[in-house]
1. Just flag the GluC sites (Glu not before Pro) in segment 190-291 sitting in loop per DSSP whose Cβ has no more than 12 other Cβ atoms within 10 Å.
2. Rounded to the nearest 20 Debye, what is the dipole magnitude of segment 12-77 about its Cα centre when Lys and Arg each give +1 and Asp and Glu each give -1 at the C-beta?
3. Quick one: which residues, 5+ away or cross-chain, put their amide H under 5 Å from the amide H of Ile30? H built at 1.01 Å from N.
4. Largest first and in whole Å, what are the equivalent-ellipsoid semi-axes of segment 52-127 based on the Cα gyration tensor, each being the root of 5 times an eigenvalue?
5. How about segment 111-140: which chymotrypsin sites (Phe, Trp or Tyr not before Pro) there are in a DSSP loop, with at most 16 other Cβ atoms within 10 Å of their Cβ?
6. Starting at the first residue of segment 278-289, write each ³J(HN,Hα) from the Karplus equation 6.51 cos²θ - 1.76 cosθ + 1.60 with θ = phi - 60°, in whole Hz, x for Gly and Pro.
7. Given H placed on each backbone N at 1.01 Å, which residues far from Glu181 in sequence or on other chains put an amide H within less than 5 Å of it?
8. Checking a compactness column here: for segment 234-308, what do you get for Rg(Cα) / (2.2 N^0.38 Å), N being the number of residues?
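The values are calculated or read from the model by the stated rules, or taken from the named source; none is laboratory data. Keep in mind it's a predicted model, so treat the numbers as computed, not measured. In this analysis, Cβ positions are derived from the backbone assuming ideal geometry, glycine residues included, and neighbour counts consider all displayed protein chains. Please note that ligands, DNA and RNA were not included when accessible areas were found on the heavy atoms of the full protein model with its side chains. Shrake-Rupley method; radii C 1.70, N 1.55, O 1.52, S 1.80 Å.
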Amino acid sequence: MKKIGILFGQESSFPQAFVDRVNEKNIKGISAEFVTVDEVFQGRATDYAVIIDRISQDVPFYRAYLKNAAISGTAVMNNPFWWSADEKFFNNALATKLGVPVPKTYLLPSKEMPTDTSSNSFKNLKFPMNWSNIFDEIGFPAYMKPHSGGGWKSVYKVTDVENLFQSYSETGQLVMLLQEEIQFESYFRCYCLGQKYVRIMQYEPRNPHHLRYVTNGGPVEKKLLKTIEDYVFKLNNALGYDMNTVEFAVRDGIPYAIDFCNPAPDADLFSVGQENFDWVVENAANMAIERAQSHKDGKDNLTWGNFIKTSVAGEQIGGGKTSAPAVEKSVGKRGPKPKATAAKSSSEVKVAGKRGPKPKAASAVAPKVAGKRGPKPKATAANASTEVKVAGKRGPKPKATVAAAPKVAGQRGPKPKASAANASTEVKVAGKRGPKPKATVAAAPKVAGKRGPKPKTSVANASTEVKVAGKRGPKPKAASAAAPKVAGKRGPKPKASAANASTEVKVAGKRGPKPKAASAAAPKVAGKRGPKPKASAANASAEVKVAGKRGPKPKTEGAKPAKIAKATKAIKAPKKVAAKKASPKKSSAKKGSAKPKGNSAPSSDMNNIGE
């Protein structure tokens, strides 16, 4: 049998009506009675599954009894731990976080020092306080009432400074609130039971106590009633009360929460009226029965509000988690290269172009792109761990595709393309005739072109670094990170083979058809207009340079140099032509081109008096 008990004091109408109504429902396994308190021993459970508390705020012995019952599994309504901690000033502060309108309120220290204290107990309190600032913000008339308590005790309406200090001198050791007056056009008192049953009652706080609940009030706008109901749920769910009342003063159509810390609200028949009384009895009985049915022996059966729950979860009531969210920033500029930052990202992609349309930046880990005078360049990043910079030239829009982040500089002719199969490589490809854009990436190849003697290549790392010298003519293309480029000649096709991946072969070519770049593991040898050239490599990690005709005899460097294969008898060897002697020149960036940068008182005349 689940027993429901009610603990009460001087009131009589509600407790008896509550017990009778629960028992009238004749719910199997559930009964109600007045609580009997005998000896109270630490940690010993009571006989009650549910206790409705109506008096412990005035009897400390009962409060301690209820806490002992609660930790042994009794569902005490309201939660005695939270009730002990709560007070009206905190309620107002909480309402501001929930978005519920409340009057402007100041907390005042008690006029008299608490018992067993002296001036030495208040070394941290600035006194006198800046009263003028308080008066300017609150204004007059105003209301002064205890920060904790109820029952319409010690509530003052103050009209001026002199009246305020006179009333203040009567408050003794009470900590008081000074609150602005809300000149209201209507006023409501709302019951909330079980955080699900709400009754909105028209109320006139300026009438005598037994006439405050309005029985024949005029119609109320549905939208206003809905707003009030929403605020009631929001406040009680945050506070965690099973029984409470909330009072609202409506000014200019806005309901201001005046008083909502009433865990033992008035439920007497002779004050609330028959209709309201019947509603309270019925729904309080339903609430208690539901709690008894869901009661679990030996468990915590208390109600805890959202304020406590969110605090335990490390969150703020009415807000989100205390940690800051990721921020996405996008900055574009028509002139020199814009800066881009991505919050909470391990990657940063920058693409610098020329002056042109304003670039856009994508997601929080996405690149920022500065465009040229021509079409806007785009940048995509497949891997967040890379950083890519691509400089484009005037002409067709340059594109940068980042499998794992190369940097490619294009030329004035047809649009340059850049691709990288391996994130560990960095490729630079420079063409001829026109200002060379710069691109740098850690541990990647560089390709520079020259008119005169053949360039040299060296392999310092398995990620390969390749330099190929080309001639004036069709645009050079950059192949994969591990594929060399070879410039060919118009004469008969030279062949080159490498038996070992560690070798390095250099072949210098002549002006002629556009050279092409082969696969990641195979060198390309440019030939003549005659028979098609062939090229083979035993290992993709090797770097091969092949020199053709016209110029000084090519040299090979590497761990195991390979000899240059002579042309087969089927192909007629071309005549030797002396190469033009000229010192290789380093291509420089065009003057004015953008350079990428890094990241960067009581009264009968009362308005909002509350309890």
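1. Glu221
2. 220 debye
3. Under 5 Å from the amide H of Ile30: Lys2.
4. Details: eigenvalues 179, 95, 20 Å².
That gives 30, 22, 10 Å for the three semi-axes.
5. Numbers: sites: Phe122, Trp131, Phe135; in loops: none.
For chymotrypsin sites (Phe, Trp or Tyr not before Pro) across segment 111-140 that sit outside H, G, I, E and B with at most 16 neighbouring Cβ atoms in 10 Å, the list is empty.
6. Result, ordered by residue: 4, 5, 4, 4, 4, 7, 5, 5, 4, 4, 5, 5 Hz.
7. Those lying under 5 Å, H to H, from Glu181 are Tyr143.
8. So segment 234-308 has a normalised radius of gyration of 1.34.
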